[in-house]
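Down below is the structure, laid out as structure tokens.
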Amino acid sequence: MNVELFNGAFDVFLELKTPDGEFLDIELVPSFISALRSFSREINLSDLSDFKLKGRNINMLIFGFESVTAIFFTNPKIKIKLFKKKIFEYLESVIENHNEEFEKARKTGSINGLIALSAKAQKWLVIINKNYTQMLETHEIFDLKRSRKAYNLLDELSEKVEKDFYSILEEIKNLKIRLMTATFDENISEVEEIFQKIEIIKSKYLR
């Protein structure tokens, strides 16, 4: 049984492709995970009820139950550990309440009896995705992109301050030259105008 946030989400977000550029058949993954779990039992690995595989463009969080294995595919940027307990509890409840349907699907190879359950699971997936997005927006989850944005803003501020202070230093330098000339010429109006300029600069930079 496959459940996506929306139809085609695997292809759009995770870009699961073969070396030939073809989209990977997602149905092949459960077989691989099942074989991995069987191998772990063969070599007597303990406490493998759940584990995580991480790659450059995909994360897989695998939950193993007695007769069902659930695999979560996520973008590597998603901090799935924040919801790991909630996901496990949901899966545990679903498997416990629908054990007969899963057992029938396993024996017959048909998942027709799981269609309604799949639709419910998709709604749950939409809700948990929305909760994650809200936590990002309210800054409850560390967001690297936000840190990068802050760094870029600091760069912009630094450039602006340097530019502004260079400009004001040049203006002060010119005012000194004008003041020397006005003093030599005893130009009262020019001196008063320079005083006005000084007050403007003070109000802007010496608050």
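For segment 151-172, a residue qualifies if it is closer than 20 Å to LYS197 by Cα and among the basic types (Lys, Arg), and exactly one does: LYS163.
Just checking, how many residues over segment 100-155 are more than 19 Å from ASN7 (Cα to Cα) and in a helix (DSSP H, G or I)? Final tally of qualifying residues: 29.
The residue that is surrounded by the most Cβ atoms within 10 Å (Cβ to Cβ), among those in segment 121-130 that are over 12 Å from LYS86 (Cα atoms) and in contact (Cβ under 8 Å) with a residue 12 or more places away in the chain, is ALA121. Across segment 173-182, the qualifying residues are those that are more than 57 Å from the chain's Cα centre (by Cα) and surrounded by 12 or more Cβ atoms within 10 Å (Cβ to Cβ), and the one among them that is modelled with the highest pLDDT is LEU179.
Tell me the residue from PHE102, PHE73 that is in contact (Cβ under 8 Å) with a residue 24 or more places away in the chain, of a type in the set (Phe, Trp, Tyr) and within 16 Å of LEU125 (Cβ to Cβ), please. So that I can check it myself, show each step before the final result.
Working: PHE102 fails: within 16 Å of LEU125 (Cβ to Cβ).
Criteria check complete, one pass: PHE73.
For LEU14, the criteria (1) at pLDDT 80 or above; (2) surrounded by 14 or more Cβ atoms within 10 Å (Cβ to Cβ) hold in every case but one, which is (1). Exactly one residue out of GLU170, GLU190 is surrounded by 11 or more Cβ atoms within 10 Å (Cβ to Cβ) and either in a helix (DSSP H, G or I) or more than 41 Å from the chain's Cα centre (by Cα) (or both): that is GLU190.
The values are calculated or read from the model by the stated rules, or taken from the named source; none is laboratory data. Note that the structure is predicted; figures quoted are calculated from it, not measured. For neighbour counting, all protein chains shown are included, and Cβ atoms are generated from backbone atoms with ideal geometry for every residue, glycine included.
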